[in-house]
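Q: Can you keep this structure in mind? I'll have questions shortly.
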Amino acid sequence: MRCSNKILAFIQLGRLHFLIGGIVLHFLGVVIALYTGASLDVPSVLWGQIAFTTTQLMTHYANDYFDLNADRKNLTPTRWSGGSRVLVEGKLPEQAALLSALILGGIAFTAAVILSLFIRAGIMTFVLLLLAQGLAWFYSAPPVRLHSRGLGEVTTVIVVTFLTPLLGYYLQAGTVTWLPVLAVVPLCCFQFAMLLSIEFPDAEGDRQANKNTLVVRLGAKRAAHHYIILILLAYIALPLLVYMGLPVLAAASTGFLFPLAGWQVWRVWRGDWKNPVEWNTLAFYTIVLLMGSALAELMAFILLLGL
């Protein structure tokens, strides 16, 4: 394989398009901190983003390496599931993914040390960052392999939609309050639903490889019911979140994509989860629901900050 093709395969292995979510969620935490009165700390933003992005990339490369057996058995991959297919198709050696994951993990750990010693000094900074990195690594890495113990979905929600904005807030404010927690509750529901939508196409290959995701454990039909409940719960919770202190504008912004959410719920209710033709768009529009809602909340807090 030519060098240029290897470089393109290496980039494909990293699934860079998924990095946008980590950036948006980090800045959501930063802007919420500024809204509550914190002063902008640029080094915290920069080093925090380095820590988050390298952790996310580490996970992508590690997942392709540790999940290679399941990906090989997966005969129905989509653009959003089944891994990058780089290792499955033999475009790069398996060890390239593992080595890349280890290097990226080292960079993420270094960023955590710098943040906890020199920028937002304190043991809490290090503990929170190390928790996120540890959960991300053991999502697929043995001997823990959280995704095969029915904990992969919860782990991903904790790392991506909970800890990322919470750490973005903490690195600016130096403390943790309820506001960033309230803000991410709907996003956590959407993230969980998104993970289920991505797992539908992978279920058979995962089952053969003993990768016991929730869709494998529950069965696709029950997982589809959970998908509907999670989407509805995100909106049902909004009045309570406002009562507990979430600004009305932030809550209203989350409802901006309610028509899309309703359409997705209807699609799952009619059985699109079992139709291979629908798998790609089902996952895609659930990703749009998550990212669109996160961006809407970010814009709402920017507006509130301006006001």
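The values are calculated or read from the model by the stated rules, or taken from the named source; none is laboratory data. As the structure is a computational prediction, the values presented were derived from the model and not from experiment. Here Cβ is always computed from backbone atoms with ideal geometry, including for glycine, and neighbour counts include all displayed protein chains. With ligands, DNA and RNA removed, areas are computed over all heavy atoms of the protein, side chains included. Shrake-Rupley method; radii C 1.70, N 1.55, O 1.52, S 1.80 Å.
Q: Counting only heavy atoms of the protein chains, get the accessible area per residue of the chain (1.4 Å probe) and round it to a whole Å² value.
A: Details: 13550 Å² over 307 residues.
Counting only protein heavy atoms, the per-residue value for the chain is 44 Å².
Q: If I model a spin label at LYS274 and SER4 as a point 7 Å from the Cα along the Cα→Cβ vector, what separation in nanometres do I get?
A: 4.8 nm
Q: Same structure, new question: Given a Förster radius of 25 Å and the C-beta distance between LEU233 and VAL127 as r, what FRET efficiency does 1/(1 + (r/R0)^6) yield to the nearest 0.05? Can you show the working numbers first?
A: Details: r = 30 Å, r/R0 = 1.18.
The value I calculate is 0.25.
Q: Using alpha carbons only, how many angstrom separate the centre of the range 78-100 from the centre of the range 135-158?
A: Result: 19 Å between the Cα centres.
Q: Mean Kyte-Doolittle of at least 0.0 and a Cα length of 15 Å or more along the axis: which whole DSSP H helices of the chain meet both? Don't jump to the answer; show the numbers that get you there.
A: Numbers: long enough: 3-14 (17 Å, 0.97); 19-35 (24 Å, 2.36); 42-66 (35 Å, 0.21); 94-114 (31 Å, 1.77); 123-138 (22 Å, 2.08); 178-199 (31 Å, 1.83); 220-236 (24 Å, 1.13); 258-270 (18 Å, -0.03); 276-306 (46 Å, 1.52).
Going by DSSP H runs, the hits are 3-14, 19-35, 42-66, 94-114, 123-138, 178-199, 220-236, 276-306.
Q: Give, as ranges by residue number, the residues of the range 27-65 whose backbone N falls under 17 Å from the point 7 Å along Cα→Cβ of PHE256.
A: What the label zone holds, given the 17 Å backbone N cut-off, is 27-32.
Q: Number of Lys-Lys pairs in the chain under 27 Å by Cα, sequence gap 8 or more or different chains?
A: 10
Q: Here's a follow-up. If I stretch the segment between LEU102 and ILE11 completely, what's the gain in nm (0.36 nm per residue apart, minus their alpha carbon distance), one decimal?
A: Numbers: separation 91, 0.36 × 91 = 32.76 nm, distance 1.62 nm.
Here the answer is 31.1 nm.
Q: Further question: Using alpha carbons only, what's the Rg to Rh ratio of the range 225-307 with Rh from Kirkwood?
A: On the way: Rg = 14.4 Å, Rh = 13.7 Å.
In the range 225-307, Rg relative to Rh is 1.05.
Q: When the gyration tensor of the range 54-205 is built from Cα positions, what are the square roots of 5 times its three eigenvalues, in whole Å, from largest to smallest?
A: Each semi-axis is √(5λ); the values are 29, 20, 11 Å.
Q: Still on this structure, please answer the following. What percent of all Cα-Cα pairs in the range 5-52 falls into each 5 Å bin, going from 0 up to the bin containing the maximum distance?
A: With 5 Å bins starting at 0, P(r) equals 5, 17, 22, 18, 14, 9, 7, 5, 3, 1.
Q: Just the number, please: carbon plus sulfur as a percent of the accessible area of the chain, 1.4 Å probe, no ligands or DNA/RNA counted. Working shown, then result.
A: On the way: 9550 of 13550 Å².
Ligands and nucleic acids excluded, carbon and sulfur reach 70 percent.
Q: Considering every Cα-Cα pair within the range 133-247, what fraction, in whole percent, is farther apart than 22 Å? Could the numbers behind the result be given before it?
A: Numbers: 2694 of 6555 pairs.
That fraction is 41 percent.
Q: Considering only LEU8, PRO276, PRO142, whose Cα is most displaced toward the positive end of the charge dipole of the chain, charges sitting on Cβ of Lys, Arg (+1) and Asp, Glu (-1)?
A: PRO276
Q: Next up: Using C-alpha positions alone, give me the convex hull volume of the range 1-129 per residue in cubic angstrom.
A: Details: hull volume 15.9 nm³, N = 129.
Taking the convex hull of the Cα positions in the range 1-129, it is 123 Å³ per residue.
Q: Continuing with the same structure: What list of whole percents do you get for P(r) of the chain, with Cα-Cα distances grouped in 20 Å bins up to the one holding the largest distance?
A: P(r) over the chain, rounded to whole percents: 34, 58, 9.
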